[in-house]
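Heads up: the structure comes next, in structure tokens.
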Amino acid sequence: CDAVQQLLKSPTVTDKWVVGELIDFSVRNGHCYADLVEKDDEGKALAKIPFRVWNYKYESLNKKFYAATNQQLGAGLKVRVRVKPSMHKLYGLSVIADSLSAIKYAKDLKDRYTVLWMYYDLFGSLI
């Protein structure tokens with residue numbers, strides 16, 4: 001776990017904008033819990049990572065998201081999220097959201113940094 005913690009501090013994986021779909025979305029005690037998934041053109045999952053927004057950030061992000069899109073954050077939404085990877089000894093690897101925006105058009109996906117690329121940057125040299 002300590003080696004992974006050091007890897008997560010690498011500039012190649014911190015503060016990255018990642019594109020994916022939110023699934024298994026829930027809010028408990030003000031914290032947002034979901035999975036961020038990258039899917040292929042047929043809708044098959046290619047990569048998935050636990051996604052978190054802590055309560056001190058969730059309310060403001062949800063309000064900004066609603067103001068921009070006229071919808072609440074929830075399952076099935078494609079989002080662009082600035083994340084920091086996090087490793088917890090008990091719960092494993094996840095990403096913590098710092099900022100996000102909705103994906104409205106296919107052009108928004110151009111030059112995207114995906115969940116799959118994030119995994120490659122994290123563990124590519126180890127695989």
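I'd like to verify a number: residues in region 32-54 that are of a type outside the set (A, V, I, L, M, F, W, C), within 11 Å of Ala97 (Cα to Cα) and modelled with pLDDT of 90 or more, how many? Of the residues in region 32-54, 2 are of a type outside the set (A, V, I, L, M, F, W, C), within 11 Å of Ala97 (Cα to Cα) and modelled with pLDDT of 90 or more. Within region 43-82, the residues that satisfy the criterion of being basic (Lys, Arg) and part of a helix (DSSP H, G or I) are Lys57, Lys63, Lys64. Figure legend. Inter-residue proximity from region 39-65: first residues touching a residue at least 60 places away in the same chain (Cβ under 8 Å), second residues assigned to a loop (DSSP other than H, G, I, E, B) and open to solvent by less than 80 Å² (accessible area, probe 1.4 Å), beta-carbon distance below 9 Å, spacing 6+ or different chains. Indicated pairs: Leu46/Asp40.
Checking the stated criteria, Ala97 turns out not to satisfy the condition of being open to solvent by less than 30 Å² (accessible area, probe 1.4 Å), in contact with a Lys or Arg (Cβ under 9 Å, 6 or more places away or on another chain) and modelled with pLDDT under 75.
The values are calculated or read from the model by the stated rules, or taken from the named source; none is laboratory data. Bear in mind that the values here come from a model prediction, so they are computed numbers and not experimental data. As a convention, Cβ positions derive from the backbone with ideal geometry for all residues, glycine included, and neighbour counts pool all protein chains shown. We work out accessible area using only protein heavy atoms, side chains counted, and drop any ligands, DNA or RNA first. Shrake-Rupley method; radii C 1.70, N 1.55, O 1.52, S 1.80 Å.
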